[in-house]
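The values are calculated or read from the model by the stated rules, or taken from the named source; none is laboratory data. Predicted model only: the values in this text are computed from it and were never measured. Here the Cβ is made from the backbone with ideal geometry for all residues, glycine too, and neighbour counts use every protein chain on show.
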Amino acid sequence: MEFENYDELFPALEAVLFAAGYPLSYDRLAEITGRSGDEIKEALVALSAKYASEEYGIQVVLFDESCQMCTKEGHEELIRRALGIKQGGRLSTSSLETLAIVAYRQPVTRSQIERIRGVDSSYAVSSLVMKNLIEEKGRLDMPGRPVLYGTTVDFLRCFGLSSLDELPDASSFLGEFDKKEQQEGEFTEQEATDQELPDRAEADDEADRSVEG
């Protein structure tokens, strides 16, 4: 089914995005509507601007390769009550630290994360993968081929970002870490893996589980 004008395309895009409930790629929307990718993006920019008005409780969020219709901030409590959702889903300090490192250093291995944090981060990484906030982006070309992690579209959506370019500036923090690395000398990935980490890791895991529970 092809749409000849935007008057027909706008409601069609609204209906598809609303029904999907998850991000749809621009290519997929172009395929099902019979319009070009540029036309789809142009239409979605207009829709996003329309829903940016305060009179709407929903919004169209545009990502680099996809878009999604979702609720705006400020209505969480009403939505929880209406759907019977219990309070929860918060990230522990351990998970937030790990997520921040992945966001700013991606693609990054678990050992590299642990080197920055100074503690074992296996549970935090697994928890973030299960929450679909980070995902495997490939493997490092070295013995053992450790997994490289990066953030997901869900990460962008949850933090209200359209792309990673909108992340707050962290050059001062990252600069201090880079300086520390130069002073201490570079570790290989295997050295980082073999390094004995503090016992605080077990406490971090317990903190993560208590928050998630």
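Residues in region 100-112 that are touching a residue at least 40 places away in the same chain (Cβ under 8 Å) and either among the β-branched types (Val, Ile, Thr) or assigned by TED's automatic domain parsing to the domain that holds residue 18 (or both): 102, 108, 109.
Only helices (runs of 4 or more DSSP H) whose full extent lies in region 1-99 are considered here, and the ones with at least 3 residues that are surrounded by 12 or more Cβ atoms within 10 Å (Cβ to Cβ) and not assigned by TED's automatic domain parsing to the domain that holds residue 123 are 6-20, 26-33, 37-51. Specify the residue that is farthest from residue 143 (Cα to Cα); the eligible residues are those in region 102-118 that are buried (at least 22 other Cβ atoms within 10 Å of the Cβ) and aliphatic (A, V, I, L, M). This residue is 102. Can you tell me which of 56, 26 is within 30 Å of residue 170 (Cβ to Cβ) and among the hydroxyl-bearing types (Ser, Thr, Tyr)? 26 is the lone residue from the list that is within 30 Å of residue 170 (Cβ to Cβ) and among the hydroxyl-bearing types (Ser, Thr, Tyr). Of all residue pairs spaced 6 or more apart or on separate chains, those with beta-carbon atoms under 7 Å, a first member in region 128-143 that is surrounded by 13 or more Cβ atoms within 10 Å (Cβ to Cβ) and a second member that is among the basic types (Lys, Arg) are 139/145. Can you pull out the residues in region 100-129 that are touching a Ser or Thr at 6+ places or on another chain (Cβ under 7 Å), closer than 14 Å to residue 152 by Cα and in a loop (DSSP other than H, G, I, E, B)? Scanning region 100-129 gives a single hit, 106.
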